[in-house]
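One structure is given below, encoded as structure tokens.
Bear in mind these aren't lab numbers, they're just calculated from the coordinates by the rules spelled out. Just so it is clear, the model here is predicted, and its values are computed rather than measured. Cβ atoms come from the backbone with ideal geometry, glycine included; neighbour counts cover every protein chain shown.
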Amino acid sequence: MLELKNITKVIGDKLILRNFSLTLARGESVAVIGPNGAGKSTFFKLAVGLMQPTSGEIHLNQAQIKKKSLLLQKKIGYLGHESFLYNALTPRENLVFYGKLYKVKNIEEKVANLLKEVGLHYFKDIPIRSFSRGMMQRLAIARVLLADPEYLFLDEPHTGLDQEAVSLLNRLIEERQREGIGILLISHDFEQVVSVCERVLVLNKGRIIEERQIDSEEGLMPFKNWYEAVVSGK
Amino acid sequence: MKTLLADALTIAGKDLRNEWKSKQTIGMMIIFSSLVILIFSFAFDPTNNTVKAIIPGLIWVITIFAGLLGLNRSFIAENENDSLTGLKVAPIDPSSIFLGKVLTNLVLVTTVQIISIPMLFLLFDYRFHGQIIWFLLIVLIATIGFIVIGTFLAALAANAKNSEMLLPVLLLPLLSPLMIAAVQATRIVLEQEGIADAISWLQLMVGYDLLFFAACFFLFEFLMEGS
């Protein structure tokens, strides 16, 4: 279980996150939504170790994580706004490179399987500079899944994807969730939030203002209405 | 330590593979150094014996300025698709990123030296009579010092708006002691004055290398956190 307890982050004189707490169990999928500038991406960066919190604690399986934990970084797969891939290299070379850094066993076999899974097998030896946004995102997803993380942190993963790629991503998320991987999703795409996640947190001005379970049969409009009411404070 | 070295080699391997495919940086470095040698060979009369005195200085002018082109690129290239963040979130020691970049830059600059130094001797009609082992040792030690501090400052400057301009401004003053020692030691070896005179300069360079390597190696983690 991954627990973030009373995380506060101050940058300069700006309070970005205020006493942010979150628990993510394995096999659970949670969405963090909120308006632009609410602190969602900062929270992700704190959780994956890209930033240090001003105060608060991070616990992984009941053990407190100290500054720059390689264990935490190995167990979290982080998909950011960018792909973190190298344009001059082929999909296979990119994945083998990251596989070596994550100490993945049977890299070549795993890379071949993942490339098939994300539908890039036929492009495996072409430098990715010619890839479309959707193809890059598919490869970025393969990069994240390569190290078999226990938790997946996905920051707006559906942005710029076509319908086929969205379905593929959702299928991969659901499969990994069934295998016991905890999913944390930041998204402005409520349709995907409702279809993928079980629980939602609304973050506004650096603090969680509402939390609830998602009923996928409830439909999109009631969910949107609920969000607007929560954010506007009505 | 073994893991750190393995990660550094993985990063250096990736950078060199990238470079092998694009040949962008090494191509520019070789063209630049060749042009400098060519211009100097026309500017000075190679038959004039006093011209030989500028050869030690020229070796290091070429190394530093061609090297700056490569150093500038080493971290800016990681901004493409924000791949530096990919390295930062990977379960590796940040120092292995530094070590990997040092290895890459060392290979690139050494390649340029292997091409440009013989070309310099050729165009200046200089016959090498010194002790080749000592000459290579001096070149290697001074190049390592230059690359270590240059790689660290390249990482520091990479996030700045005018990083291409910032890097030389930060680097050249810090390199002065190393370059004075390198030019003097190279001159002594090339003029066959006896290696004993070059030893003190060599010691200064080794001390400089060790001091800056230790400082950059341990400070790099904080540099990565701040960027």
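Between B:LEU171, B:LEU87, B:LEU69, find the one with the highest GNM mean-square fluctuation for chain B; connect C-alpha pairs within less than 10 Å.
With Cα springs under 10 Å in chain B, the top fluctuation among B:LEU171, B:LEU87, B:LEU69 is at B:LEU87.
Please state the relative contact order of the stretch B:92-186 as a whole percent: Cα pairs under 8 Å, 6+ residues apart?
33 percent
For a quick check: sort B:THR10, A:THR23, B:THR143 by the number of other beta carbons within 10 angstrom, fewest at the front.
In order of increasing Cβ crowding within 10 Å: A:THR23, B:THR10, B:THR143.
In debye to the nearest 20, how big a dipole does chain A give about its Cα centre with +1 on each Lys and Arg Cβ and -1 on each Asp and Glu Cβ?
So the dipole magnitude of chain A works out to roughly 1040 debye.
Taking only the Cα atoms of the stretch A:5-93, how large is their convex hull per residue, in Å³?
Residue-normalised Cα hull volume stands at 147 Å³.
Which residue, B:GLY130, B:GLY86, B:GLY70, has the most motion in a Gaussian network model of chain B that connects Cα atoms within less than 10 Å?
Result for chain B, Cα springs under 10 Å: B:GLY86 fluctuates most.
What does the average come to when, for each residue of peptide B:18-24, you count the partner chain Cβ atoms lying within 10 Å of its Cβ?
3
Do the alpha carbons of any pairs in A:LYS5/A:LYS66; A:LYS45/B:LYS88; A:LYS205/B:LYS161 sit beyond 21 Å of each other, and which pairs?
Check vs 21 Å cut-off fails for A:LYS205/B:LYS161.
Which percentage, to the nearest 5, of the DSSP beta bridges contained in the protein assembly as shown is antiparallel?
The antiparallel proportion sits near 55 percent.
Where does each of A:141-147, A:206-212, A:162-168 land if you order them by average Cβ count within 10 Å, highest first?
Highest mean packing first, the order is A:141-147, A:206-212, A:162-168.
Would you order B:THR85, B:THR50, B:THR186 from fewest to most other beta-carbon atoms within 10 Å of each residue's own beta-carbon?
Lowest count first: B:THR50, B:THR85, B:THR186.
How far is the Cα center of the stretch A:162-220 from the Cα center of the stretch B:5-60, in Å?
What the calculation gives is 53 Å, centre to centre.
Based on a Kirkwood Rh over C-alpha pairs, give the Stokes-Einstein translational diffusion coefficient of chain A at 10 °C and viscosity 1.306 mPa s in µm²/s.
86 µm²/s
For a quick check: with amide H placed at 1.01 Å from N, whose amide H comes under 5 Å from A:VAL10's, ignoring anything fewer than 5 positions away on the same chain?
The list, which skips near neighbours in sequence, is A:ILE16, A:THR54.
Averaged across A:101-108, how many Cβ atoms of other chains sit within 10 Å of each residue's Cβ atom?
Neighbouring Cβ atoms belonging to other protein chains average 3 per residue here.
Taking all pairs of distinct Cα atoms, average 1/r, flip it, and tell me the Kirkwood hydrodynamic radius of chain B in Å to one decimal place.
18.3 Å
How far, in degrees from 0 to 90, does helix A:220-232 lean away from the longest principal axis of the Cα atoms of chain A, to the nearest 10?
50 degrees
Aspartates and glutamates near B:LYS14 by alpha-carbon distance under 18 Å, same-chain residues fewer than 8 away left out - which ones?
A:GLU93, A:GLU108, A:ASP125, B:GLU78, B:GLU80, B:ASP82, B:ASP93
Taking R0 as 45 Å, what's the FRET efficiency between B:LEU4 and A:ASN170 from their Cβ-Cβ distance, rounded to 0.05?
After rounding, the FRET efficiency stands at 0.70.
Evaluate peptide A:85-97: per residue, the Cβ atoms of other protein chains within 10 Å of its Cβ; return the mean as an integer.
The mean count of partner-chain Cβ atoms within 10 Å per residue comes to 4.
Please list the three semi-axes, largest first and in whole Å, of the ellipsoid equivalent to the protein assembly as shown, using sqrt of 5 times the eigenvalues of its alpha carbon gyration tensor.
52, 23, 18
Measure nothing but the geometry: give the 0 to 90° angle between the long axis through the Cα atoms of B:55-76 and the longest principal axis through the Cα atoms of chain B, rounded to 10°.
10 degrees
Given springs between every Cα pair under 10 Å in a Gaussian network model of chain A, which of A:SER187, A:SER195, A:SER130 has the largest fluctuation?
Of the options given, A:SER130 has the highest mean-square fluctuation.
With an 8 Å cut-off on Cα pairs and a minimum separation of 6 or more residues, tell me the relative contact order of the stretch B:2-226 in percent.
It rounds to 27 percent for the stretch B:2-226.
Against the longest principal axis of chain A, how steep is helix A:107-117, in degrees 0 to 90 to the nearest 10, with axes from Cα atoms?
Between helix and principal axis, roughly 70 degrees.
Where does each of A:131-137, B:120-126 land if you order them by average Cβ count within 10 Å, highest first?
A:131-137, B:120-126
For chain A, what's the relative contact order in percent, using C-alpha pairs closer than 8 Å and at least 6 residues apart?
Reported relative contact order: 27 percent.
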